2 protein chains.
Amino acid sequence: MLNNLTDHIKKFIDLSDTDIELINLAVAVKSVKKKAFLLQPDQSCKEIYFVSQGCLRLYFINKKLNEQITQFAIENWWLSDYYSLESGKPSNYYIQAVENSEIISINKNKLEELFKKVPRLERYFRIVQQRAFTAAQKRIEYIYSFSDEERYRNFSKRFPEFMQRIPQYMLASYLGFTPQFMSKIRAKKD
Amino acid sequence: MLNNLTDHIKKFIDLSDTDIELINLAVAVKSVKKKAFLLQPDQSCKEIYFVSQGCLRLYFINKKLNEQITQFAIENWWLSDYYSLESGKPSNYYIQAVENSEIISINKNKLEELFKKVPRLERYFRIVQQRAFTAAQKRIEYIYSFSDEERYRNFSKRFPEFMQRIPQYMLASYLGFTPQFMSKIRAKKD
């Protein structure tokens with residue numbers, strides 16, 4: 001499982017055997033059962049999570065008391081509530097396993113120590129953060145430029161395999177519409 | 001003007017005189033008149049922009065042919081269309097000066113060369129990208145959790161000085177509602 005992380009890092013930077021050892025000492029591997037939580041509201045988020053296998057979701061409870069999913073993370077993606085992580089303030093979010101998952105976590109203080117020992121990791125995380133920001137820029141663009149139905153069609157075209165993995169009601173929540181509306185769109189398609 | 005950038009970088013990492021020289025050789029300083037463009041649709045975005053003084057906005061034209069602003073950048077913020085920058089594909093966006101501005105730009109190839117010469121800059125940009133992503137996570141949360149009016153009140157509470165700097169119609173566009181709705185909310189407030 002640890003290999004999945006260092007293999008991913010090696011796509012972007014070189015790692016020596018010593019680097020790999022230092023990384024493995026800094027992280028923790030967690031087997032997370034489907035529906036188990038890694039973060040819940042009012043906790044301060046202290047870790048970032050790498051999905052080695054499986055799927056996580058980030059969501060909060062909106063005023064209508066519905067789950068509003070704002071992000072998913074599948075293999076080779078990182079997930080965290082960065083506002084809570086950076087500020088130390090309590091999170092508004094849940095991070096929950098959508099499937100039985102293998103997760104690699106790093107505590108934020110341990111990550112800072114690791115950066116000192118393996119400075120090249122700054123490059124890896126710079127690229128990871130830039131990609132995450134790029135995805136967020138696109139997500140905001142889609143929210144403002146597509147109708148609900150267009151957003152559904154666009155998403156299913158871009159991520160056909162992911163569509164098979166997650167329950168429809170979660171996809172509806174992520175795309176910002178009701179499960180009823182989702183059923184209507186899917187009926188039209190078939 | 002170049003000092004504003006290196007001063008900002010020095011808040012996060014140490015820079016030697018040689019580092020500063022290398023940075024200054026890699027960047028370009030641009031005086032941009034209000035309403036001038038740094039990027040227009042169908043161009044491929046090749047630079048990232050640091051606001052030394054002034055204000056930029058990132059926007060696209062939506063299907064109703066209205067300007068949809070997705071980001072502002074004021075002093076000490078970076079702005080780019082990262083999707084176009086990374087993929088080389090044509091942008092959907094305009095980057096335009098909201099005020100007469102002093103901008104420091106770096107071409108993406110020159111930035112890659114600079115990273116090789118001053119590897120510690122990876123840390124600076126890792127932090128910059130993480131902050132940008134944190135802001136985007138919050139923005140997506142607010143889109144889904146607040147009503148239009150709440151989003152306006154929240155924004156004006158968090159950024160009172162910025163509210164004074166930008167035209168009301170731009171703020172309405174950024175918050176995703178019409179100038180008419182904005183006038184109604186403001187009338188209520190007074």
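The values are calculated or read from the model by the stated rules, or taken from the named source; none is laboratory data. These figures come from a predicted structure and were not determined experimentally. Positions of Cβ are backbone-derived with ideal geometry, glycine not excepted, and every protein chain shown enters the neighbour counts.
When B:K10, B:K35 are screened for being farther than 25 Å from A:R126 by Cα and out of contact with any Phe, Trp or Tyr (no Cβ under 6 Å at 6 or more places or on another chain), only B:K35 passes. Scanning the range A:111-133 for residues that are under 19 Å from A:W77 (Cα atoms) and either of a type in the set (G, A, S) or touching a strand residue (DSSP E or B) at 6+ places or on another chain (Cβ under 9 Å) (or both) yields A:L111, A:F125, A:V128, A:Q129, A:A132.
Restricted to the range A:108-119, and to residues there that are in a helix (DSSP H, G or I) and either within 13 Å of another protein chain (Cβ to nearest Cβ) or among the aromatic types (F, W, Y) (or both), the residue that is nearest to A:Q40 (Cα to Cα) is A:K108. Selection of the range B:113-149 for residues being β-branched (V, I, T) and under 20 Å from A:K64 (Cβ atoms) yields B:I140, B:I143. Out of all the residues in the range A:145-155, which are free of Cβ contacts under 8 Å to residues at least 24 places away in the same chain, buried (at least 16 other Cβ atoms within 10 Å of the Cβ) and out of contact with any Lys or Arg (no Cβ under 8 Å at 6 or more places or on another chain)? A:F146, A:F155, listed by residue number.
Looking at A:R139, is it buried (at least 16 other Cβ atoms within 10 Å of the Cβ), of a type in the set (K, R), within 23 Å of A:S87 (Cβ to Cβ) and facing chain B (nearest Cβ under 9 Å)? In short, yes. Of the candidates B:Q53, B:Q43, the single residue that is among the polar types (S, T, N, Q) and over 19 Å from B:T6 (Cα atoms) is B:Q43.
Residues satisfying the criterion are absent from the range A:134-154 (criterion: hydrophobic (A, V, I, L, M, F, W, C), in contact with a strand residue (DSSP E or B) (Cβ under 7 Å, 6 or more places away or on another chain) and either over 23 Å from A:N62 (Cα atoms) or in a loop (DSSP other than H, G, I, E, B) (or both)). From the list B:I103, B:I185, the lone residue that is modelled with pLDDT of 90 or more, of a type outside the set (S, T, N, Q) and either surrounded by 15 or more Cβ atoms within 10 Å (Cβ to Cβ) or within 23 Å of B:V29 (Cβ to Cβ) (or both) is B:I103. In the range B:22-81, of all residues being polar (S, T, N, Q) and within 14 Å of chain A (Cβ to nearest Cβ), the one that is surrounded by the most Cβ atoms within 10 Å (Cβ to Cβ) corresponds to B:S80. Among residues of the range B:82-102 being facing chain A (nearest Cβ under 10 Å) and out of contact with any Asp or Glu (no Cβ under 6 Å at 6 or more places or on another chain), the one that is nearest to B:F159 (Cα to Cα) is B:Y82. Determine the pairs where a residue that is in contact (Cβ under 8 Å) with a residue 60 or more places away in the chain and hydrophobic (A, V, I, L, M, F, W, C), located within the range A:82-97, has a partner that is outside any helix (DSSP H, G or I) and surrounded by fewer than 18 Cβ atoms within 10 Å (Cβ to Cβ) with Cβ atoms under 7 Å apart, the partner being 6 or more residues away or on another chain. So the pair list comes out as A:A97/A:K33; A:A97/A:K34; A:A97/A:K35; A:A97/A:A36. Going by what's in this entry, would B:S105 be described as away from chain A (no Cβ under 14 Å), among the small types (G, A, S) and either in contact with a helix residue (DSSP H, G or I) (Cβ under 6 Å, 6 or more places away or on another chain) or in a loop (DSSP other than H, G, I, E, B) (or both)? In short, no. Considering B:L56, B:L85, B:L2, B:L25, the condition of being touching a Phe, Trp or Tyr at 6+ places or on another chain (Cβ under 7 Å) and of a type in the set (A, V, I, L, M, F, W, C) is satisfied by B:L56 alone.
What are the residue pairs meeting all of these: first residue in the range A:120-136, first residue facing chain B (nearest Cβ under 7 Å), second residue part of a loop (DSSP other than H, G, I, E, B) and among the aliphatic types (A, V, I, L, M), Cβ atoms under 8 Å, and 6 or more apart or on different chains? So the pair list comes out as A:R123/A:I13.
Right, B:F162: within 13 Å of another protein chain (Cβ to nearest Cβ), surrounded by fewer than 19 Cβ atoms within 10 Å (Cβ to Cβ) and either within 14 Å of the chain's Cα centre (by Cα) or in a loop (DSSP other than H, G, I, E, B) (or both) or not? So B:F162 does not fit the description; no. Note on the range A:52-68: residues that are within 17 Å of the chain's Cα centre (by Cα) and either aromatic (F, W, Y) or in a strand (DSSP E or B) (or both) amount to 9.
Number of residues in the range A:34-51 that are at pLDDT 95 or above and more than 16 Å from the chain's Cα centre (by Cα) equals 3.
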